[in-house]
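A.B. asks: Here you go, one structure.
The values are calculated or read from the model by the stated rules, or taken from the named source; none is laboratory data. All values reported here derive from a predicted model rather than from experimental measurement. Cβ coordinates were reconstructed from backbone atoms using ideal geometry, including for glycine residues, and neighbour counts include every protein chain displayed. Ligands, DNA and RNA are stripped out before the accessible areas are found, and what is left, the full protein with its side chains, is counted by its heavy atoms. Shrake-Rupley method; radii C 1.70, N 1.55, O 1.52, S 1.80 Å.
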Amino acid sequence: MSLPVEVVEPDGLGAVATVGVFAQGGPGDDTPALLRGAADVAGLPDALDPALCARDGFRAKVGQVLRLPGDISHRVLVLGLGPSGPPREDAWRRAAAAFVRAAGEGGDAALVVPEGAPGSALAEGAALAAYRFDAYRTKPSPGSPDRVLLVASPSAAAELRPAVARGLAAAEAVSFARDLVNTPASDLNPTDFATRVAEYLDGRPGVGVEVWDESRIEAERLGGLRTVARGSVQPPRVVRATYTPTGDRGSVPHVVLVGKGITFDSGGLSLKTADGMMTMKTDMTGAAIVMAVVSACGALEVPVKVTALAMVTENMPGPDAVKPGDVFRARNGSTIEVLNTDAEGRLVLADGLSLAAELEPDAIIDVATLTGAQVVALGRSIGALFGSDQRLKDRLQEVGDAAGEPLWQMPLPEEYADHIDSEIADMKNMGRAGEAGSIAAAMLLSRFVGESPWAHLDIAGPSRVAEPSGYLSKGGTAFGARTLLEFLRTGATADPA
Ligand code: BES
Ligand code: MN
Ligand code: ZN
């Protein structure tokens, strides 16, 4: 169940349990000031009491919360937005998340929204912070407020409402992707994935969905997907979802999204360690994200045609599993030597990217929890961005920053092309031990994308968090989903109008 977020005017406050107001602190200033407008609504002085701030160490840092003492009927929470000046978009999101977490369970929580604040980020931050995955708990984990009320002047409220609706639609899509990621692999095999996605997308205006079973996958010559699936008793699936904007007369841009959907990555015969396997239900994050993105395109009035391909299989070491040294033929006719069966993501993506390239779209973007090397290079907060088109990469990076999903651009140096040279086939599925592992993976992908501008997001690190932080809840994050949605919503071009 998602958190209701509603826009109200100051006299519509009623009996709220908690009121939140935003504050900023100038550099070297230890008395943060409340944002204009907040003081009136919450009945507070403009500047915060220095003694209070000093006592609680409140410097209005982003995500910091100060509880004001006093015997008033509701609690007042002061929410840090960082130093004075226009806050970054993600500061609003994180402050709204901190508000929801600090407000705790039950009652209405009213947030005083200053003029010009981005309603979509506030709604997104609030709704995402309230996300819980309780499907397997006998007792639900501690909950959130019953409602969040965004308090704004009548003129601001009119502008805020559609923005809030967009934020909630994005948050709902992210929550769907998180649910898929957090579901244990034995309850989400490739067939389950396809069924749940098809159900979720069913009936959405402009959206179509098709599930490819084994015989279709064979007929389509998806050698990479079939090769990985050989070790599992579970059959693979491709889910192909499309979104067509209303009134499309064939002139709008077409973007193809491809997601890695390994519902469990044991490593196959190149078996992972027990520790390495523990979180590998997460390995279908890319597939969950591209499907979730399609689900929200209508609500966000995305002006772009979207095709999303989820390449879904388990990677298991069953009796017929692919063996190190085996060679298979991929969809586009190239041959790949499988030297490490744990480098399976690039094999299923090779076929997905070939399918994408055949559509000759305006852009291809793949999303994958692809390499442990990505985690080593960039850690758990930043995704790796590769690709063939500088303008596409720059735009994704820009949108990712605003979404709070930072991406770092990585190179595809021609000098490393021979890292994936095979002794007997066109290429092998791994690079050199301990050297540029995420580049080697991306390099292999680059051979399947054809002429379309292409970007590749390796989100192995940020795909999950061990502890709740900001608007992320423990477990799957669906990192990248909001970046893609914003990229599409703004026309999928380098220079949005
Ligand atoms: N799914 C993993 C990558 C991964 C690792 C994601 C850690 C999230 C956290 C991927 O399939 C994999 O196992 N990659 C190997 C490739 C190697 C064998 C060339 C890796 O990175 O170790
Ligand atoms: Mn693997
Ligand atoms: Zn994997």
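A.B. asks: Which residues, counting only those in segment 33-81, are outside any loop (DSSP other than H, G, I, E, B), of a type in the set (D, E, K, R) and modelled with pLDDT of 90 or more? Before you say what the answer is, go through the steps one by one.
C.D. replies: First pass over segment 33-81, keeping only residues outside any loop (DSSP other than H, G, I, E, B): 33-34, 38-42, 47, 50-56, 65-68, 75-81.
Now narrow it down to the ones that are of a type in the set (D, E, K, R): 40, 55-56, 67, 75.
Once the filter is applied, which keeps residues that are outside any loop (DSSP other than H, G, I, E, B), of a type in the set (D, E, K, R) and modelled with pLDDT of 90 or more, segment 33-81 yields only Arg67.
A.B. asks: Pick from Glu218, Glu214: which is in contact with a strand residue (DSSP E or B) (Cβ under 9 Å, 6 or more places away or on another chain), closer than 25 Å to Glu344 by Cα and of a type in the set (Asp, Glu)?
C.D. replies: Working: Glu218 fails: in contact with a strand residue (DSSP E or B) (Cβ under 9 Å, 6 or more places away or on another chain).
From the options Glu218, Glu214, the qualifying one is Glu214.
A.B. asks: Outside any helix (DSSP H, G or I) and open to solvent by less than 20 Å² (accessible area, probe 1.4 Å) - does that describe any residue in segment 82-98? Before you say what the answer is, go through the steps one by one.
C.D. replies: We begin by selecting, within segment 82-98, every residue outside any helix (DSSP H, G or I); these are 82-88.
Filter again for open to solvent by less than 20 Å² (accessible area, probe 1.4 Å), leaving 82.
Yes, segment 82-98 contains a residue that is outside any helix (DSSP H, G or I) and open to solvent by less than 20 Å² (accessible area, probe 1.4 Å).
A.B. asks: Does Thr282 meet the test of being of a type in the set (S, T, N, Q) and either crowded, with 23+ Cβ neighbours inside 10 Å or within 14 Å of ligand 1 (Cβ to nearest atom) (or both)?
C.D. replies: Details: of a type in the set (S, T, N, Q): yes; either crowded, with 23+ Cβ neighbours inside 10 Å or within 14 Å of ligand 1 (Cβ to nearest atom) (or both): yes.
When the stated conditions are applied, Thr282 passes them.
A.B. asks: Further question on the same structure: Against the conditions (1) open to solvent by less than 20 Å² (accessible area, probe 1.4 Å); (2) free of Cβ contacts under 8 Å to residues at least 24 places away in the same chain, where does Val181 fall short? Just the number, please.
C.D. replies: Exception for Val181: condition (2).
A.B. asks: Next question. Report yes if some residue within segment 210-220 is over 20 Å from Thr307 (Cα atoms), away from ligand 1 (no atom under 16 Å from the Cβ), in contact (Cβ under 8 Å) with a residue 24 or more places away in the chain and in the same structural domain as Leu485 (by TED's automatic domain parsing); otherwise report no.
C.D. replies: Looking through segment 210-220, none of the residues is over 20 Å from Thr307 (Cα atoms), away from ligand 1 (no atom under 16 Å from the Cβ), in contact (Cβ under 8 Å) with a residue 24 or more places away in the chain and in the same structural domain as Leu485 (by TED's automatic domain parsing).
A.B. asks: On to the next question. Suppose the filter is in contact with a His (Cβ under 8 Å, 6 or more places away or on another chain) and basic (Lys, Arg); does Lys281 pass it? Before you say what the answer is, go through the steps one by one.
C.D. replies: Details: in contact with a His (Cβ under 8 Å, 6 or more places away or on another chain): no; basic (Lys, Arg): yes.
Against the criterion (in contact with a His (Cβ under 8 Å, 6 or more places away or on another chain) and basic (Lys, Arg)), Lys281 does not qualify.
A.B. asks: Counting only residues that are in contact with a helix residue (DSSP H, G or I) (Cβ under 6 Å, 6 or more places away or on another chain), give me the strands (runs of 3 or more DSSP E) lying completely in segment 229-332 with at least 3 of them.
C.D. replies: 237-243, 254-265, 305-315
A.B. asks: Among the residues of segment 258-275, which ones are within 12 Å of ligand 2 (Cβ to nearest atom) and open to solvent by less than 50 Å² (accessible area, probe 1.4 Å)?
C.D. replies: Residues satisfying the conditions are Lys260, Ile262, Phe264, Asp265, Ser266, Gly267, Gly268, Ser270, Lys272.
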